[in-house]
Amino acid sequence: MSEQNYKGIWEDVLNIIREEYKQKNQENFFKIYFNMEYVSDTIDEITVSVPSDVMLNHMEEKGSIQTVKDKIAEITGINLNVKFIPKNITSKVSASDSKSEEEKTEAIAKETPSLQTEPQVENPYTSILNNLISESEKESKENSPSASSYSSDEKPVKKHPMLDENFTFETFVPGENSNFAYNVSIGVAKEPGKKFNPLLIYGGSGLGKTHLMQSIGNYIYKQKEGNVKIACLSAENFTNEFFKSISDKKTDLFKNKFRKLDVLLLDDIHFLIDKKGTQEELFHTFEALHQKKAQMVFTCDRPMEEIKGIEERLKTRFTMGICIDITPPNYETRKAILQKKLELMGKSVPEDILDYIARNVQTNVRDLERSLTKIIGYAEYQPDHKVTIEIARKELKDTFSQPSNGFINIETIQKVVADHYNISLSDIKSKKRNKKFVIPRQIAIYIARNLLEYSYPELGNEFGGRDHTTMMHSYEKMEEQLRTDSSFNHTIEILIREIKEYRK
């Protein structure tokens, strides 16, 4: 599935055709013979529903089906297949090969509500069609009430299939860690393509990057009343769809789909590391969208300069707008997030338990919500629906991160840091002096010293048999960099969080 990125094209096609018939005073004809609803799409096909197979036959006879196909080809420049599916098959007679054309015509005439006073088959669309066809036989009126009531502008905006409607600015709780990102995201949503384009939000897992990105999409989609082409997907899904288009020899359809968007929301771009083919395609997609001033929003788990394996020209474009980081929330923000979650759920939890969760979960928003949900779930199965602080401590003891108590060891630290910098575990312990290996090694030494309280000689033994003065120098060098480089401090925080969350 291409996740309904052709929906905008379909709506444009129907709007254009509607206007053409309106100018000819044939609005009732349009309402009857273009009564089609978008269902879904794939990379080369749009699926559309019609009231019944009987009406589908009439639509084909009147040329409506071909008109739609021709208009789609005119707008997109490609020959997309259009598949029509009856909503409710009510015809008793199917046009089988054994029947003559006269028999088919007679059968259709019997089944068509517009040609008889009392239909022989109960059809949920009968009264609607009778009324519409009756109106079409009257003199056309430019300002017909029935025509205006059918206007697509008055239809409620449907949920975008690629956006989570729960991710809005109203449900996001900003704090010191995310205020800047929150305010910039609102600015982007209000004026897409005009400022901060592209927007890159980076930070650890579960801190709200995806929430803000989808909030932008939901805001724009609502403001434009659905008349906007938005794609929101992960870099992994983008990659998978690109590879599928290559294997199916349909790369032109893929390019046409993504390069004509109004808004591209691409999550977790660090997934693109070492995927040169996808990077090449995304580069050209970026160029096409930037030229037409389409808004782009990207998310990533770390600063762009720390990512290896992504082409410089693409990294330059990711960062040519504005880059904002989100850090773990402080206690006040964590508690506000819990309170907001309770408000949205319509639930209540004793204040001391909220305080207990807020003080102990220091990793990310996702862990906060997970802990709260567990307590609420436990309460629902209690006779009095109450949970005490003692129960909360018991139920959440395995949920909270436990630094330096046996759950973290030196190998975990080395592995997480090595993975973060795309080097091997043996590289981080080796004698290699290349900067690519020295910096990750010094970071691992610094974190191990703080989390495990290893002595310098102990650290030396774990890092390839180095002496204690080398370990001390590495640690002090990291301390100095932390004092002068705020982005480096953010990197250390991310790594420590990943180490605490690491599961073998």
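The values are calculated or read from the model by the stated rules, or taken from the named source; none is laboratory data. Note that the structure is a prediction, hence the values are computed from the model and not measured. All Cβ positions, glycine included, derive from the backbone under ideal geometry; neighbour counts span all protein chains shown. Each accessible area value is taken on the protein alone, full model and side chains, heavy atoms only, with ligands, DNA and RNA left out. Shrake-Rupley method; radii C 1.70, N 1.55, O 1.52, S 1.80 Å.
Quick look at the values:
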read-out: Candidates Thr171, Thr210, filtered to the one that is open to solvent by 30 Å² or more (accessible area, probe 1.4 Å), β-branched (Val, Ile, Thr) and part of a loop (DSSP other than H, G, I, E, B); value: Thr171
read-out: Any hit, the range 464-473, residues being assigned to a helix (DSSP H, G or I) and among the basic types (Lys, Arg); value: no
read-out: Any hit, the range 431-445, residues being modelled with pLDDT of 85 or more, within 17 Å of Ile496 (Cα to Cα), among the β-branched types (Val, Ile, Thr) and open to solvent by 40 Å² or more (accessible area, probe 1.4 Å); value: yes
read-out: Test for Glu191: is it without any contact (Cβ under 8 Å) to a residue 12 or more places away in the chain, open to solvent by 70 Å² or more (accessible area, probe 1.4 Å) and either closer than 23 Å to His160 by Cβ or hydroxyl-bearing (Ser, Thr, Tyr) (or both); value: yes
read-out: Scope the range 275-309; condition free of Cβ contacts under 8 Å to residues at least 40 places away in the same chain, farther than 22 Å from Leu212 by Cβ and not polar (S, T, N, Q); matching residues; value: Lys275, Lys276, Gly277, Glu280, Glu281, Phe283, His284, Glu287, Ala288, Lys292
read-out: Conditions (1) outside any helix (DSSP H, G or I); (2) at pLDDT 85 or above; number of the one not met by Gly406; value: (2)
read-out: Counted residues, the range 1-16 - those being at pLDDT 85 or above and crowded, with 17+ Cβ neighbours inside 10 Å; value: 3
read-out: Scan of the range 38-73 for residues that are in a helix (DSSP H, G or I), among the β-branched types (Val, Ile, Thr) and open to solvent by 40 Å² or more (accessible area, probe 1.4 Å), ordered by number; value: Thr67
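Yes/no matrix, rows are residues, columns are (1) open to solvent by less than 40 Å² (accessible area, probe 1.4 Å); (2) of a type in the set (D, E, K, R); (3) farther than 30 Å from Glu498 by Cβ; (4) part of a loop (DSSP other than H, G, I, E, B):
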residue: Leu253; (1), (2), (3), (4): yes, no, yes, no
residue: Lys257; (1), (2), (3), (4): yes, yes, yes, no
residue: Glu280; (1), (2), (3), (4): no, yes, no, no
residue: Val297; (1), (2), (3), (4): yes, no, no, no
residue: Glu305; (1), (2), (3), (4): no, yes, no, no
residue: Gly309; (1), (2), (3), (4): yes, no, no, yes
residue: Ile324; (1), (2), (3), (4): yes, no, no, no
